[in-house]
Amino acid sequence: MLRNNKICELCVNKKLPWTGIKYRCYRNSFIESALVTGITSFHKIIKTWNHYISQYILLTEFAKNKMLHSSLDLNEEKISVIPNFIPDSKAVLEKKEFFLYVGRISKEKGVSILVDAFANLKSEKILIVGEGPEKANLELLSLHNSNINFMGKKSKSEVLDLMQQCKALIFPSICYEGLPFTILELLHREPR
């Protein structure tokens, strides 16, 4: 539900979502978008997703609400919400003076917005952990900002250590998110 790096729900409630073809939403192709629209519209009309799928498992109530209020016309009893989970962490590390982003470095994740914000906050440090198509460009834009550090890919244990030490974990996403493990890991970074 992202078009031109903005949330788009124009097609969510339409049996035949012409706007998806108009804006070339599938692979930026008019023909491929028309094909996908035709196939999904056909299956909406004959109710394939209600008749041939016994259960949908979603990560959040938000996702369930989106599915229930879509043109898929699903039965609510066929939708279960089972969130991601992680084991509880017991280790506690000393807090340090930095903010943290962990994830894919891409447009929909809003990392460029994060870099812009910290370029103007010289007194605050941000560590950016991850890889993605926007990384090289954003690293170049950040060369003169010593408070913005791209760390590359880190192991799970290194990420968990950084999460325990950071002032805050930042999620600048411009798209709808499911239930990322990083949020759960942050919530469980200290013993209760």
>> Can you tell me which of (1) at pLDDT below 90; (2) within 17 Å of the chain's Cα centre (by Cα); (3) of a type in the set (D, E, K, R) is the one ARG104 doesn't meet?
In response: (1)
>> Looking at region 1-21 only, could you name the residues that are out of contact with any Ser or Thr (no Cβ under 8 Å at 6 or more places or on another chain), free of Cβ contacts under 8 Å to residues at least 40 places away in the same chain, surrounded by 14 or more Cβ atoms within 10 Å (Cβ to Cβ) and not polar (S, T, N, Q)?
In response: ARG3, CYS8
>> Pairs please, first residue from region 150-179 and under 16 Å from LYS135 (Cβ atoms) and in contact (Cβ under 8 Å) with a residue 60 or more places away in the chain, second anywhere and in a strand (DSSP E or B) and not aliphatic (A, V, I, L, M), Cβ atoms under 9 Å, 6+ apart in sequence or on different chains.
In response: PRO172/TYR101
> Does PHE118 count as among the aromatic types (Phe, Trp, Tyr), surrounded by fewer than 13 Cβ atoms within 10 Å (Cβ to Cβ) and either at positive phi or part of a helix (DSSP H, G or I) (or both)?
Replying inline: no
>> Given the options LYS109, LYS64, name the one that is surrounded by 13 or more Cβ atoms within 10 Å (Cβ to Cβ) and either touching a strand residue (DSSP E or B) at 6+ places or on another chain (Cβ under 8 Å) or free of Cβ contacts under 8 Å to residues at least 12 places away in the same chain (or both).
In response: LYS64
>> Filter region 11-59 down to the residues that are outside any helix (DSSP H, G or I), in contact with a Lys or Arg (Cβ under 8 Å, 6 or more places away or on another chain) and under 29 Å from PRO172 (Cα atoms) and list them by number.
In response: VAL12, TYR23, CYS25, TYR56, LEU58
> Can you find a residue in region 121-132 that is surrounded by 13 or more Cβ atoms within 10 Å (Cβ to Cβ), free of Cβ contacts under 8 Å to residues at least 40 places away in the same chain and polar (S, T, N, Q)?
Replying inline: no
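The values are calculated or read from the model by the stated rules, or taken from the named source; none is laboratory data. All of these numbers come straight from a predicted model, not from anything done at the bench. Neighbour counts are summed over all protein chains in view; Cβ atoms, including those assigned to glycine, are modelled from backbone coordinates with ideal geometry.
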